[in-house]
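Colleague: Got a structure here, written out as structure tokens. Questions coming.
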Amino acid sequence: MTHTATPFPDGFLWGASTAGHQIEGNNVNSDWWRREHDPAAKIEVPSLDACDSYHRWEQDMDLLAELGFTDYRFGIEWARIEPERGFFSRAEIAHYRRMVDGALARGLRPMVTLHHFTVPRWFEDLGGWTADGAVQAFTRYVEACAPIIADGVRHVCTINEPNVIAILAAGARTGDQPWPTAGGTVTPDEETTHALIAAHRAAVGAVRTVNSEIKVGWTVANQVYQALSGAEDATVAYTHPREDVFIEAARGDDFIGVQSYTRTRIGPDGPVPAPADAERTLTGWEYYPAAVGHALRHTADVIGDGTPLIVTENGIATADDTRRIDYYAAALDQVAAAIEDGIDVQGYLAWSALDNYEWGTYKSTFGLIAVDPSTFERTAKPSAVWLGGLGRTRELPRTAS
Ligand code: FCB
């Protein structure tokens, strides 16, 4: 076995990702906060202070920049910016603008997510994405974000994992609240799918009006559906509404965000559980670092028009940081192979910068950086030092046999 390296393509993004609700704390005007305190929702634990990044974002950025990362993806919270319908908070807009300036001052290029699962309570009360006026409400919010993104922001993600949102919406209609991880059987709600695509298209237009230099796209959850023998047609039928429809909707965007963690094998009757002896991570997902390579190739095939790809999330929930390094090393090998095969991959952002609130639990530790839950003290793990360090060599490690 020989060890080589693949140089980063020019301008390659090298970073870590977070989402507002998962790290900021006290996002009290959001639908998620309300759900977290509703016993009927059966959410294990509420987010409460999360990582207190609303106040400690400077420490987060200091650490990421010191580690060697050059890019930082973070979310801005609609529920803070528009706490009541039509009322836009100048103070919150200024807060997020300070974050953009703070990133730039540290040599971190900010990638800003406008919507990452959470909406204001008033938006949910109106009926959510399928209500009359929902797309217009989202577009007005995006327009109100102009002062945050107008200068210095190179990448904007409109909506994170619309396919997951549409699956959650379908679950909510049937009283079921599945987290659509590997092996889910709930089909995305079609009406929500259409509304999200319309919202995305409108948001892309709004962002381009703010500054035509901004690269804008959305980020799609890739479950790496793999057909077992004889289940090829079943796999296409299963994959299309859950993934491909959202990839196709990204045609004409400046990039598409690729997010993957594990795989899902499909048999003639649907998803098949991972073998009993498969290694599983803290989320219960099969340890399968090759996922990102499959996700990149599948996305490139489906979109078919050469739209650039950026890995906007990829990582592992584990308490064993050595295994995290193994995961990233194997995943980066796949990213390098995709680049060598001519796929236009323009960046890699790990999930996640911090051990954070994973939608109901703090136990699924995806972080490169540990956070003490009582003091909020941050400690970079060895994986953070290793991964960040590649930002200095600007080479992807490659294990060629
Ligand atoms: C993705 C989400 C992200 C995080 C990871 C583990 O589905 O975008 O917020 O929870 O999974």
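Colleague: Give a quick list of trypsin sites (Lys or Arg not before Pro) in the stretch 214-259 that DSSP marks as loop, anything other than H, G, I, E or B, with at most 15 other Cβ atoms within 10 Å.
Modeller: Counting only loop positions with at most 15 other Cβ atoms within 10 Å, the trypsin sites (Lys or Arg not before Pro) in the stretch 214-259 are R251.
Colleague: Using every alpha carbon pair in the stretch 3-64, what percent of pairs falls into each 10 Å bin from 0 up to the bin containing the largest distance?
Modeller: Answer for the stretch 3-64: a P(r) of 18, 34, 22, 15, 9, 1 percent.
Colleague: What's the ranking of 262-269, 332-339 by average number of surrounding C-beta atoms within 10 Å, highest first?
Modeller: Descending mean neighbour count gives 332-339, 262-269.
Colleague: Starting from the eigenvalues of the Cα gyration tensor, five times each then square-rooted, give me the equivalent ellipsoid semi-axes of the chain, largest first, whole Å.
Modeller: After diagonalising the Cα gyration tensor, the semi-axes are 28, 26, 22 Å.
Colleague: Share of the chain's accessible area from carbon and sulfur, percent, 1.4 Å?
Modeller: Looking at the chain in its full context, I get 52 percent from C and S.
Colleague: Additional query: Using a 7 Å offset from the Cα along the Cα-to-Cβ direction at both T379 and T393, what is the distance between the two label points in nm, to one decimal?
Modeller: 2.6
Colleague: Taking amide H atoms as placed 1.01 Å from N in the peptide plane, list the residues 5 or more away in sequence, or in a different chain, whose amide H sits under 5 Å from that of R265.
Modeller: Q226, V272
Colleague: Further question: For K363, go through the lysines and keep the ones whose alpha-carbon is under 17 Å away, minus same-chain ones fewer than eight residues off.
Modeller: The reachable lysines, counting only those whose Cα sits under 17 Å from K363, are K42, K381.
Colleague: Which ³J(HN,Hα) values in Hz, rounded to whole numbers, follow from the phi angles of the stretch 88-97 under the Karplus curve 6.51 cos²θ - 1.76 cosθ + 1.60, where θ = phi - 60° and Gly and Pro get x?
Modeller: Per-residue couplings from phi come out as 9, 7, 5, 5, 6, 4, 5, 4, 5, 5 Hz.
Colleague: What GluC sites (Glu not before Pro) in the stretch 127-235 are in a loop by DSSP, with at most 15 other Cβ atoms within 10 Å of the Cβ?
Modeller: Loop-located and lightly packed - E213.
Colleague: Could you give each residue of the stretch 146-152 its phi-based ³J(HN,Hα) in whole Hz, using Karplus coefficients 6.51, -1.76, 1.60 with θ = phi - 60°, and x for Gly or Pro?
Modeller: With coefficients 6.51, -1.76 and 1.60, one gets 3, x, 6, 9, 4, 10, x Hz.
Colleague: Under the rule of -39500 (n - 2.57) per DSSP H run of 4 or more residues, summed and divided by the residues of the chain, what mean residue ellipticity at 222 nm is obtained, to the nearest 500 deg cm²/dmol?
Modeller: So the calculated ellipticity at 222 nm is -11500 deg cm²/dmol.
Colleague: Work out from phi, with θ = phi - 60° and the Karplus expression 6.51 cos²θ - 1.76 cosθ + 1.60, the ³J(HN,Hα) of each residue of the stretch 286-296, listed in order in whole Hz, and give x for Gly and Pro.
Modeller: Result, rounded to whole Hz: 5, 5, 8, x, 5, 3, 4, x, 4, 5, 5.
Colleague: Scan around W218 for amide H atoms under 5 Å from its own, H built in the peptide plane at 1.01 Å from N, and keep only partners 5 or more places away or cross-chain.
Modeller: T158, G257
Colleague: Just subtract the alpha-carbon distance of L228 and D301 from 0.36 nm times their residue separation and send over the number in nm, one decimal.
Modeller: Extra length available between L228 and D301 comes to 24.3 nm.
The values are calculated or read from the model by the stated rules, or taken from the named source; none is laboratory data. Remember, predicted model here, so these are calculated numbers, not experimental data. Using ideal geometry, Cβ is built from the backbone for each residue, glycine included, and neighbour counts are taken over all protein chains shown. Just so you know, the surface numbers come from the protein's heavy atoms only, side chains and all, with ligands and any DNA or RNA stripped out. Shrake-Rupley method; radii C 1.70, N 1.55, O 1.52, S 1.80 Å.
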